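All remarks here apply to the structure that follows.
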Amino acid sequence: MTNDLPPALQFPDGFAWGTATASYQIEGAVAEDGRAPSVWDTFAHTPGKVQAGDTGDVACDHYHRYPEDIALLAELGVTHYRFSLAWPRVQPTGRGRLNPGGVDFYSRVVDGLLERGITPWVTLFHWDLPQALEDAGGWPSRDTALRFAEYAAAIHERLGDRVRDWTTHNEPWCAAFLGYADGHHAPGRTDAGDAVRAAHHLLLGHGLAVGALREQGARHLGITLNLYPVDAASASEADADAARRIDGLMNRLFLDPVLRGSYPDDVLKDLTSVTDAGHAGHVRDGDLAAIGAPLDFLGVNYYSRHVVRAGTARPGRPSHWPGAEDVEFVRRPGVPVTEMGWAIDPEGLYEMLTRVTREYGPRPVYVTENGAAFDDRVAEDGTIRDEARRAYLDSHFRAAHRALADGVDLRGYFVWSLMDNFEWAHGYSKRFGLVHVDFATQRRTMKDSGRWFAAVTRANGLPAA
Ligand code: FCB
């Protein structure tokens, strides 16, 4: 048994091992105890938006089965569990008083985790914006940032006695650009100007929430960004510039304001076609100071690397990202991919962890998501022998360990995901879990990768390769 052997690659004492989930992806119970619709309810119920017409109406039914799910976390031996709060469960219209039913649910989850010795790690926003706020303008509207800070402060007041670790947003890039520019995610709008304003207001909401929580004495605050190394497909100047622009839009547009208090000049220039078209002026004096308020940690979600080239400009096509309408994403021949079609590239994790340390200064970093979808098969004996997922995680853990050895202040690692769940526009077709979910019966089964992960968490390390 691997967990009886002294691990060859030991992680530091106190290293946080966890799994991650998000409210809309697992909870179900979308109309219970006072929860109101989110943009994801509306989007999923709009024909053609989500594969096979899947919705989060039931999802993993975690709302009712959370005790069983907490028991699974204990079986995995995790020290931490990262989950998000559904804003429309806690504050149904996004403003005003909190909904006691919603608050009680999360309070019970927190207590259940603590009883098992598992540290709750709360994300305040993982994309399920109250529909009422979208109707009032959504993230492109500045008011949403103010509402977010109020919601953050109100729920922190209720849970802050037991929850120490708070993340404002999960992947604001996705919320802004998939939600408002290419429309692949809720609310499904396709206006580049809206996306740019949404990005700023998500960041502003982060900064204002950090300020509000600090006033209440919060001591462990951060944000989670999705980061990707971006390589040029060739040595040509045009391809190098395509890589610069995608790196700017996906990485630096978020890293710079949060960690340096300023937007990158080259990205602002790339966005002038948008800002000149009437979208300037949404950045007000003082915004960047709020956004750049000191944080206690950076959360990094890592899945893959992008390789890009300059292609043919197709401005105005519905799926355009501002300033990058011509950029094409290239598949590298021979590089294995997951079920999502994402290249398996553990070296990219090492690169991003060392890069944020080098370019933005040393600070506590957590990998807040990493994992893979594979076409898992349930064997006749009921087991799920997902060797590909085990190998994926093993290689990424080793890359993280190398980053640690090279000076990155990496404090923890959360696997996406605890269990198979609603994978956004892909519905239930992509399985990321360490635990298999039979969506017809809601039966949970630990996969082989989960058993292996439990050995890693218990040993706080990996055996020699
Ligand atoms: C990330 C999301 C998470 C999950 C994984 C696969 O972008 O934060 O909810 O869908 O991808």
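Within the range 292-329, which residues are touching a Pro at 6+ places or on another chain (Cβ under 8 Å), modelled with pLDDT of 95 or more and away from the ligand (no atom under 16 Å from the Cβ)? GLY292, ASP296, PHE297, listed by residue number. Count of the range 160-186 residues, restricted to those that are touching a residue at least 40 places away in the same chain (Cβ under 8 Å), surrounded by fewer than 24 Cβ atoms within 10 Å (Cβ to Cβ) and more than 15 Å from the chain's Cα centre (by Cα), is 8. Listed by first and then second residue, the pairs with beta-carbon distance under 8 Å, at least 6 apart or on different chains, first residue in the range 52-66 and closer than 10 Å to TYR24 by Cα, second open to solvent by less than 50 Å² (accessible area, probe 1.4 Å) and modelled with pLDDT under 95, form an empty list. Considering the range 387-418, and only residues there that are within 16 Å of the ligand (Cβ to nearest atom) and in a helix (DSSP H, G or I), the residue that is surrounded by the most Cβ atoms within 10 Å (Cβ to Cβ) turns out to be ARG389. Taking each residue of the range 415-426 that is in contact (Cβ under 8 Å) with a residue 40 or more places away in the chain and looking for partners that are of a type in the set (Lys, Arg) and near the ligand (Cβ under 9 Å from one of its atoms) with beta-carbon atoms closer than 8 Å, six or more apart or interchain, yields GLU423/LYS430.
Evaluate the following for ARG443: is it charged (D, E, K, R), open to solvent by 10 Å² or more (accessible area, probe 1.4 Å) and within 15 Å of the ligand (Cβ to nearest atom)? Considered against the rule, which asks whether it is charged (D, E, K, R), open to solvent by 10 Å² or more (accessible area, probe 1.4 Å) and within 15 Å of the ligand (Cβ to nearest atom), ARG443 comes out as no.
The requirement of being open to solvent by 10 Å² or more (accessible area, probe 1.4 Å) and either touching a strand residue (DSSP E or B) at 6+ places or on another chain (Cβ under 9 Å) or away from the ligand (no atom under 16 Å from the Cβ) (or both) is fulfilled nowhere in the range 419-427; no residue meets it.
Is it true that ASP128 is over 22 Å from the mean Cα position of the chain (by Cα), within 26 Å of GLY56 (Cα to Cα), of a type outside the set (S, T, N, Q) and at pLDDT 95 or above? Walk me through how you get there before you give the answer.
Working: over 22 Å from the mean Cα position of the chain (by Cα): no; within 26 Å of GLY56 (Cα to Cα): yes; of a type outside the set (S, T, N, Q): yes; at pLDDT 95 or above: yes.
It is false that ASP128 is over 22 Å from the mean Cα position of the chain (by Cα), within 26 Å of GLY56 (Cα to Cα), of a type outside the set (S, T, N, Q) and at pLDDT 95 or above.
Based on what the data block shows, is ASP285 surrounded by fewer than 20 Cβ atoms within 10 Å (Cβ to Cβ) and either of a type in the set (Asp, Glu) or within 16 Å of the ligand (Cβ to nearest atom) (or both)? Answer is yes for this residue.
The values are calculated or read from the model by the stated rules, or taken from the named source; none is laboratory data. Not measured: the values here are computed from a predicted model. Don't worry about glycine lacking a Cβ; one is built from the backbone with ideal geometry, like all the others, and counts go over all protein chains shown. We work out accessible area using only protein heavy atoms, side chains counted, and drop any ligands, DNA or RNA first. Shrake-Rupley method; radii C 1.70, N 1.55, O 1.52, S 1.80 Å.
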